[in-house]
Amino acid sequence: MVGSSDCGYIFDWSEEGLLERCFKEALRLSPGDIKATGARAQARIREMTAYENILPQRMVVFEKMKRRAAGKKVFPSVNRYDPLPPPAAPPSGPVCEPGLLSVVVPYYNMGRYLGETVRSILSSKYQPLEIVVVDDGSDERESVEKLREIEAAGQGRLRVVRTENRGLASARNTGAENACGEYLALVDADDLVEPDFFTRCAGVLKRYENVSLVYSWVRYFDAAHGCFIANNLEFPYLLAHNMLAAICVLKRADYLAFARNKPQMSYGLEDYEAWISLYEAGRLGVCIPEFLTRYRVRPGSMLRSMNDNQTLFMYDEIVRLHAESYRRYGDQLFRLLNANGASFAWNSPGENRESAERRLRWCEQRLQELGEEAQSLRGQLASLEWARDLSKMGIRTALRGLGYGLKRKTREVFKGKPGC
């Protein structure tokens, strides 16, 4: 950045004595010359690093990269996978309709939120589109009625598949099996999508042969604020921590072949385990670096209802199901955790989904503890009611009243007795 002698001095180690001469010349400068040299150097650095000068140069490079990659059908990945043929069609189920997007919405007593979610999906720019709501045995009267109301207003674009209560994993699988689309979107019954989310995701899936899953950055709303900065699926990072929320678009055939949610993930993290299975099969997951989805953080959700022991049990189950991958990448995972700390903070250290949920869970627990403490204090105060009365009357007044009472009681005891 010095560039020329008017901004400073440059020396070459290979030229003997040059460093010494540069020092001597610098020491001979007057204070005014030193100040002027520094000002010229600052001006040169500002010119070289200015946004308006750097951006056009970077855009030239980006355009070259885009032209070079325009015809490529394989998305680059840290881990190399040999090109794999598409999976065979599932043995049963609806005939796949090319281009159709089937949005699967698992539903269990979520009548309070479903209407907003369905409106969000129907506002999508992507066409053609169908919604498959899987009612996982809802038993709350208001939620059952709300689902019937939404089903009646669906105008053929919304179907309801009803099952007995078997959990979220089974509901997603049932929705995928009953979907008719080439593409499959997963949206929980309380989350929202932006109008161009599905279009952007489908565009990536159409372009790259080795990509089976597309998603985006996520904004939180309702009980928490912030965002989740997701990343592309890559090992070993994915083995340490989930890299996306379960609001995504997949190739339906690949979901049915490689990413079915497993019922043994009974407490949660069933989507996380599915992404590991998908990546092990050589199907990549790509993140669109824009906020195109919204994840509702609410008290009592399935994820926040998990306690620490259940969470650890689910992680143990993931390791058991993918033991070979964890053995293969174990040394890299050890180094990553040592260098970067807890994996739940990798995606967005200041405000990630896990930390937001942990803060909310801590607040809920603390509120419960404070409520219990308040109840205990109320009990103690009730048992000391007489003490509160004494404090109101004052000790002197209380003793005076006690003295009068004793005199009265004494008169009553000895009344009518001889000598009294």
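The values are calculated or read from the model by the stated rules, or taken from the named source; none is laboratory data. Predicted model only: the values in this text are computed from it and were never measured. Positions of Cβ are backbone-derived with ideal geometry, glycine not excepted, and every protein chain shown enters the neighbour counts.
Results for (1) more than 18 Å from the chain's Cα centre (by Cα); (2) among the aromatic types (Phe, Trp, Tyr), shown as yes or no for each residue.
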site	(1), (2)
253	yes, no
256	yes, no
260	yes, no
270	no, no
274	no, no
279	yes, yes
285	no, no
293	no, no
Given the criterion out of contact with any Ser or Thr (no Cβ under 8 Å at 6 or more places or on another chain), in contact (Cβ under 8 Å) with a residue 60 or more places away in the chain and within 22 Å of residue 270 (Cα to Cα), identify the matching residue among 172, 162.
172
With respect to residue 43, determine if the residue is free of Cβ contacts under 8 Å to residues at least 12 places away in the same chain, surrounded by 10 or more Cβ atoms within 10 Å (Cβ to Cβ) and within 30 Å of residue 206 (Cα to Cα).
no
Here are the criteria: (1) at pLDDT below 85; (2) part of a strand (DSSP E or B); (3) not acidic (Asp, Glu). Tell me which single one residue 93 does not satisfy.
(2)
Is there a residue in segment 218-225 that is more than 22 Å from residue 279 (Cβ to Cβ), buried (at least 20 other Cβ atoms within 10 Å of the Cβ) and touching a residue at least 24 places away in the same chain (Cβ under 8 Å)?
yes
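In segment 256-297, how many residues are basic (Lys, Arg) and at positive phi? Before you say what the answer is, go through the steps one by one.
Start the filter on segment 256-297 by keeping residues that are basic (Lys, Arg), which leaves 260, 262, 283, 294, 296.
Narrowing further to those that are at positive phi: none.
Residues meeting the conditions: 0.
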Does residue 169 meet the test of being under 24 Å from residue 197 (Cβ atoms), surrounded by 14 or more Cβ atoms within 10 Å (Cβ to Cβ), among the hydrophobic types (A, V, I, L, M, F, W, C) and out of contact with any strand residue (DSSP E or B) (no Cβ under 8 Å at 6 or more places or on another chain)?
yes
How many residues, within segment 134-153, are in contact with a strand residue (DSSP E or B) (Cβ under 7 Å, 6 or more places away or on another chain) and either touching a residue at least 40 places away in the same chain (Cβ under 8 Å) or more than 27 Å from residue 261 (Cα to Cα) (or both)?
2
Tell me, please, whether a residue that is among the charged types (D, E, K, R), surrounded by 17 or more Cβ atoms within 10 Å (Cβ to Cβ), in a helix (DSSP H, G or I) and modelled with pLDDT of 95 or more can be found in segment 194-205.
yes
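Quick one: in segment 226-237, which of the residues that are part of a loop (DSSP other than H, G, I, E, B) and in contact with a strand residue (DSSP E or B) (Cβ under 8 Å, 6 or more places away or on another chain) is nearest to residue 190 (Cα to Cα)?
As a first pass, look at segment 226-237 and keep what is part of a loop (DSSP other than H, G, I, E, B): 226, 229-236.
Going one step further and asking which of them are in contact with a strand residue (DSSP E or B) (Cβ under 8 Å, 6 or more places away or on another chain), we end up with 226, 229-233.
On the way: 226: 17, 229: 20, 230: 20, 231: 23, 232: 24, 233: 25 Å.
The qualifying residue nearest to residue 190 (Cα to Cα) is 226.
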